[in-house]
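The values are calculated or read from the model by the stated rules, or taken from the named source; none is laboratory data. This structure is a prediction, so every number in the text was calculated from the model and none was measured. All Cβ positions, even for glycine, are placed from backbone atoms using ideal geometry, and neighbour counts span all protein chains on display. Remember, those area values only see protein heavy atoms, side chains included, never the ligands or the DNA or RNA. Shrake-Rupley method; radii C 1.70, N 1.55, O 1.52, S 1.80 Å.
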Amino acid sequence: MSIIQSIVLGIIQGVTEFFPISSSGHLVIIPYFFNWDYPPLYFTVTVHFATLAAVVTIFHREIFRIIRAVILGIFIRKERATSSFKLGILLIVASIPAAIAGYFLNEYVESLFSSPLVVAAFLLVTALFLWLGERRGSRIEEQFASSQNDHVRFNFFIAFMTGIGQAIAILPGISRSGSTISFARFFGVKRSEAVRFSFLLSVPVIFGAFIFEIYHSSGVIFEGGLNIALNLLAGFFFAYLAGMLAIKFLVYLAKRKNLNIFAVYCVLLSAATFIFYIIKRFI
């Protein structure tokens, strides 16, 4: 990889990790379009960690409160009544499906990352998730507005189903943020709350994936020397900056607009990938 490729892929990772358009899918499709080698595993993990750092930077106070409340709640009953403790437990529940899927399906899923057509097909699934989530969520919100009742909030069932969405996103082309937000929206959770929960939910899953994968890639990194180190630094820096901007923009957008624009984008990118494959293969 060149430094330019590292910068481009870092920016793409930073933006697409939080925009509901699949970061893993873009890290397959973009190299395919430009005839680049697919980024090595250690690079992918590093830029994922950069996006984790972006989440922690923006939500560090809330993350600290959640961790503190969960730890204290183990020993102090009164702490278990706080909103931070309850949110922490919901995040743990939602993290379970992805942990199980990653452990048992990791080797199978890795084989799918070499196929841009598979990614293109799964992008259509992401688009469907987004559309269904927005449609169903808007209807439930309208029902609550007409009855002047409070909106739907996360509970154990909704958190677990949101976690199922995150587990499905182990497949390249299915957006982690898109599936988690859409699954929560399908049960009527407000868009802004679904987006916030999705961001917080990214912390344990990305951190866990980083620890697991970096353990298997450490030898390659240390043997690669200065060139690999510079690529990783460039990718990390630009993924971090892009991730910060993407989080802030999506939080802003979720309060004002639906997310169907991202569903349209996924459909267009999927179509472009299929067309490019046909041109490259047969023309």
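Packing, taken as the mean count of other beta carbons within 10 Å per residue, orders the peptides 130-138, 236-244 from highest to lowest as 236-244, 130-138.
Based only on Cα atoms, what mean projected area does the convex hull of region 1-150 have, in nm²? Intermediate values should be presented prior to the final figure.
Working: hull surface 49.5 nm².
In nm², the orientation-averaged hull projection of region 1-150 is 12.4.
Which one, Ala99, Gly137, Val109, is farthest towards the positive end of the dipole of the chain when Lys and Arg carry +1 and Asp and Glu -1 on their Cβ? Highest projection toward the positive end goes to Gly137. Three principal axis extents of region 1-52 based on alpha-carbon atoms, in descending order, are 26, 19, 17 Å.
Taking Leu171, Leu90, Leu105 in turn, the Gaussian network model of the chain (Cα-Cα springs below 10 Å) assigns the largest fluctuation to Leu105. To the nearest ten degrees, helix 3-18 and the longest principal axis of the Cα atoms of the chain are 20 degrees apart. Look at the alpha carbon pairs under 8 Å that are at least 6 residues apart: their mean separation over the length of region 5-105 gives a relative contact order of 16 percent.
What you get for region 1-90, charging only the Cβ of Lys and Arg (+1) and of Asp and Glu (-1), is a dipole of about 720 debye around the Cα centre. Averaging the sequence gap over all C-alpha pairs within less than 8 Å and six or more residues apart, then dividing by the number of residues, gives the chain a relative contact order of 37 percent.
Ordering of 17-30, 247-260 by packing is 17-30, 247-260, highest average first (other Cβ atoms within 10 Å, averaged per residue).
For region 130-193, a simple Cβ point-charge model (Lys and Arg +1, Asp and Glu -1, everything else neutral) yields a dipole of about 120 debye relative to the Cα centre. Summarising the amide proton neighbourhood of Gly173: residues at separation of 5 or more, or on other chains, whose placed amide H is nearer than 5 Å comprise Ser24, Gly25. Ellipsoid semi-axes for region 69-140, based on the Cα gyration tensor and the rule √(5λ), read 35, 21, 7 Å when sorted largest first.
Rounded to the nearest Hz, the phi-derived 3J(HN,Hα) couplings of region 42-54 under the Karplus curve 6.51 cos²θ - 1.76 cosθ + 1.60 (θ = phi - 60°) are 5, 5, 4, 5, 5, 6, 5, 5, 4, 5, 4, 4, 5, where x marks glycine and proline.
Between Ala81 and Glu107, the FRET efficiency estimated from the beta carbon spacing at R0 = 35 angstrom works out to 0.25.
For the chain, the mean residue ellipticity at 222 nm estimated from helices alone is -29000 deg cm²/dmol, where every DSSP H run of n ≥ 4 contributes -39500 (n - 2.57) and the total is divided by all residues, rounded to the nearest 500. Length gained on full extension, Ala53 to Ile283, computed as 0.36 nm times the residue gap minus the Cα-Cα distance: 78.4 nm.
Stick to Cα atoms and the Kirkwood definition of Rh, then tell me Rg/Rh for the chain.
0.99
Sorted on the mean count of surrounding Cβ atoms within 10 Å across their residues, most packed first, peptides 158-167, 203-212 read 158-167, 203-212. Rounded to the nearest 20, the Cβ-based charge dipole of region 60-120 about its Cα centre (Lys and Arg +1, Asp and Glu -1) stands at 640 debye.
Report the Rg/Rh value for region 61-111, based on alpha-carbon coordinates and the Kirkwood definition of Rh.
On the way: Rg = 14.8 Å, Rh = 12.3 Å.
Rg/Rh for region 61-111 comes to 1.21.
Computed on protein heavy atoms with a 1.4 Å probe, the accessible areas place Phe274, Phe85, Phe34, Phe197 in the order Phe34, Phe274, Phe85, Phe197, largest first.
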